[in-house]
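The values are calculated or read from the model by the stated rules, or taken from the named source; none is laboratory data. Everything quoted here is computed from the prediction, not taken from an experiment. Cβ sites come from the backbone with ideal geometry, for glycine too, and all protein chains shown count toward neighbours. In case anyone asks, the SASA skips ligands and DNA or RNA and just uses the protein heavy atoms, side chains included. Shrake-Rupley method; radii C 1.70, N 1.55, O 1.52, S 1.80 Å.
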Amino acid sequence: MKFGLALSTPESKQVFHCYASHGKGYGRAQLLAYNVPVRLVVINSSLEARWQDATLVRPHEYRCDSMRGQEGWRRLGWAMVDGSLPFGELDVVDPLLSQFDYLPGFNLAPHRQP
């Protein structure tokens, strides 16, 4: 993974406001309470992204029942369902700038993530 790359640019056509997996969300979810409802921004290898409801189960492990059994999706970022901002303002994330191969999965224990 390359660090310090832009998550979005002024020319970005589609953006998501979330704690990006390669931004403010990197390593911070472990500071939250567990079994908390969140919304994940999920992305596939074609860089199609969408919101999905999920639960933060434990550090770096999210359960997203609506995506269970769908292969090839990873976590681009997340936001609190209640709109709270536990880590300050959300990142502005363009899926086309994601480093897909380095994004974490979900619905898996951390040691089994692709």
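Pairs only if they're at least six apart or on different chains, beta carbon under 7 angstrom, first in the range 1-30 and closer than 16 Å to L90 by Cα and among the charged types (D, E, K, R), second open to solvent by less than 90 Å² (accessible area, probe 1.4 Å) and assigned to a loop (DSSP other than H, G, I, E, B); list them, first residue then second.
K24/F87; R28/F87
So which of Q14, Q52, Q113 is at pLDDT below 95 and of a type in the set (S, T, N, Q)?
Just a single option satisfies the conditions, and that option is Q113.
For the range 58-87, name all the residues that are small (G, A, S) and closer than 23 Å to Q14 by Cβ.
Hits for the range 58-87 are S66, G72, G77, A79, G83.
Can you run down the residue pairs with Cβ atoms below 7 Å, 6 or more apart or on separate chains, where the first is in the range 62-83 and within 23 Å of D94 (Cβ to Cβ) and the partner is modelled with pLDDT of 90 or more and acidic (D, E)?
Pairs that qualify, where the first residue is within 23 Å of D94 (Cβ to Cβ) and the partner is modelled with pLDDT of 90 or more and acidic (D, E), are G77/D91.
Identify, by number, the condition in (1) free of Cβ contacts under 8 Å to residues at least 12 places away in the same chain; (2) more than 21 Å from V15 (Cα to Cα) that T55 doesn't meet.
It fails just one condition, (1).
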